[in-house]
Amino acid sequence: MLDLSSVGPASRCTRVLADYGADVVKVGPVPSREGALVEPPFFSYSALRGMRRVQVDLKSEGGRRAFVALAIWADVLVESFRPGVMERLGLGYERLAAENPGLVYCSTTGFGQEGPRSGWAGHDLDYLAIGGFLAATGPAADGGPPVPGATLADSAAGGLQAALAVSAALVERARNGRGRHLDVAVADGVLWLMSLAIDEHLATGSSPGPGHDVLTGRYACYDTYPAGDGRWLAVAAIEGKFFANLCGALGCPQWSSHQYDDEVQDEIRKEFRAAFAAKSRDEWVETLGPADTCVAPVQEVREVAADPGFEARHVVVEARHPTHGALRQLGPVLAGAAPLEEPVDLPDPRVTDTVELLEAAGVDRALVDEWSREGVVA
């Protein structure tokens with residue numbers, strides 16, 4: 001699998017697929033005369049755990065020939081250039097599929113290969129904005145839409161969409177022997193994340209937003225509350241039995257039969273806040289967590305990294321980086337991914353696998369050496 005990305009949804013996609021066992025080759029540009037190119041922090045995307053690297057100058061004839069050799073050899077190509085860039089380089093889907101009909105060619109962009117926004121630049125926040133996510137989420141302190149604490153569009157709407165599409169295309173290829181061009185638009189993926197609200201609008205004409213229904217904060221049973229120590233709790237007691245358990249535990253049993261009574265939601269929230277203020281967050285979690293109340297702590301990242309529940313699921317692994325030494329990182333956390341043998345040896349960012357991979361793709365060693373001398377591969 002060839003991956004021409006360095007960040008964003010495409011890199012999220014290949015990270016997931018690598019954790020499921022894909023042989024991912026990161027394809028980057030050769031070092032420039034001005035010095036090393038800007039790259040994401042070394043720990044990003046699990047520090048390219050389990051991946052190999054190639055450097056190719058796609059603007060040169062020799063570099064393009066080298067890349068075509070790799071593409072003919074590959075099962076999957078993932079790229080994240082703007083629409084038309086790969087075609088202008090002579091490396092578009094039609095060109096490569098003519099020589100490798102089984103190639104699954106995945107193009108990830110913000111707004112897709114076609115349409116009025118196809119040429120727009122954008123990032124995660126833009127896709128969440130256009131897809132309705134920001135407007136449907138509770139407002140920030142100044143009343144405006146919030147800035148989410150995770151790149152939801154890149155990861156869920158883009159990376160996971162691309163990984164799923166690639167996997168499905170490979171299953172299809174196993175049946176008919178043909179690859180395909182996948183047009184992965186991150187903004188389209190946000191529509192899928194927002195499908196409950198969008199389908200409601202299309203069916204009923206309503207305009208879902210903050211406070212519209214139980215999932216967007218209309219009722220006290222689905223909200224966040226400060227505890228006595230200033231830290232926060234998340235309450236998601238949607239079902240009546242869980243809400244009744246919560247009311248009883250908070251000393252407010254009288255509200256259990258008024259869960260969805262719009263007239264008293266402010267009163268319920270007031271009493272819940274007063275009750276939660278009597279103890280610290282962790283004291284409440286210890287009591288309410290196992291008591292079928294759907295209450296969980298709002299944890300900071302540093303707390304998540306040390307969380308005993310996640311620790312019991314072995315989500316963090318020990319790793320060794322060639323230049324940064326020992327470190328810990330998230331391992332393969334999605335269902336079905338194979339566990340790793342620890343410590344994990346991470347690839348050296350100063351070393352490429354270009355010669356080995358080009359030879360494996362059938363390129364004569366003398367030609368590889370010539371391209372190396374010309375500086376079109378490294």
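FYI, it's all coordinate maths here, none of it is from the lab. Model, not experiment: these values are computed from the prediction. Neighbour counts are summed over all protein chains in view; Cβ atoms, including those assigned to glycine, are modelled from backbone coordinates with ideal geometry.
Overview of values
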{"item": "Theoretical FRET efficiency, 1/(1+(r/R0)^6), r = Cβ-Cβ of GLU114 and GLU239, R0 41 Å, to 0.05", "result": "0.40"}
{"item": "The chain, relative contact order [Cα under 8 Å, separation at least 6], %", "result": "19"}
{"item": "Proximal charge balance of PHE42 [Cβ under 13 Å; K/R count +1, D/E count -1]", "result": "+1"}
{"item": "Choice from VAL186, VAL285, VAL56 showing the highest fluctuation, given a GNM over the chain with Cα pairs closer than 10 Å", "result": "VAL285"}
{"item": "Cα centroid separation - the range 151-215 against the range 345-369, whole Å", "result": "36"}
{"item": "Fraction of the pair-distance distribution of the range 214-298 above 16 Å, Cα-Cα pairs, percent", "result": "43"}
{"item": "Relative contact order (percent, whole number), the range 229-324, Cα cutoff 8 Å, 6+ residue spacing", "result": "37"}
{"item": "Length released on extending from ARG88 to THR137, taking residue separation times 0.36 nm less the Cα-Cα span", "result": "13.6 nm"}
{"item": "Cβ crowding within 10 Å averaged over residues, with 163-169, 120-126 ranked highest first", "result": "163-169, 120-126"}
{"item": "Size of electric dipole in the chain: Cβ of Lys, Arg +1 and of Asp, Glu -1, about Cα centre, debye, nearest 20", "result": "700"}
{"item": "Partner lysines for LYS270 [C-alpha distance under 28 Å; skip if fewer than 8 residues away on the same chain]", "result": "LYS241, LYS279"}
{"item": "In nm, spacing of pseudo-spin labels at VAL301 and ASP348 (7 Å Cα→C-beta vector)", "result": "3.0"}
{"item": "Of the GluC sites (Glu not before Pro) in the range 346-378, those whose Cβ has at most 12 other Cβ within 10 Å and which sit in DSSP loop", "result": "none"}
{"item": "Candidate lysines - alpha carbon under 28 Å from LYS26, same-chain residues fewer than 8 apart omitted", "result": "LYS59"}
{"item": "Sorted by Cβ density within 10 Å, fewest first, the residues VAL316, VAL171", "result": "VAL171, VAL316"}
{"item": "Electrostatic dipole magnitude of the range 214-298 [Cβ: Lys, Arg +1; Asp, Glu -1; Cα centre; debye, to 20]", "result": "160"}
{"item": "In the range 229-335, trypsin sites (Lys or Arg not before Pro) in a DSSP loop with at most 12 other beta-carbon atoms within 10 Å", "result": "ARG313"}
{"item": "Loop-located trypsin sites (Lys or Arg not before Pro) in the range 50-133 whose Cβ has at most 13 other Cβ within 10 Å (DSSP)", "result": "LYS59"}
{"item": "Rounded D (µm²/s) - the range 26-114, Kirkwood Rh over Cα pairs, Stokes-Einstein at 10 °C, 1.306 mPa s", "result": "110"}
{"item": "Average Cα contact separation per residue, the range 151-277, under 8 Å, 6 or more apart, as relative contact order %", "result": "17"}
{"item": "Debye log10 I(q)/I(0) at q = 0.14, 0.21 Å⁻¹ for the range 230-378, Cα point scatterers", "result": "-0.85, -1.20"}
{"item": "Fewest-first ranking of TYR222, TYR93, TYR260, using other Cβ atoms within 10 Å as the exposure measure", "result": "TYR260, TYR222, TYR93"}
{"item": "For PHE133, PHE43, order by how many other beta-carbon atoms lie within 10 Å, fewest first", "result": "PHE43, PHE133"}
{"item": "Column: log10 I(q)/I(0), Debye, Cα scatterers of the chain, q = 0.07, 0.10 Å⁻¹", "result": "-0.43, -0.79"}
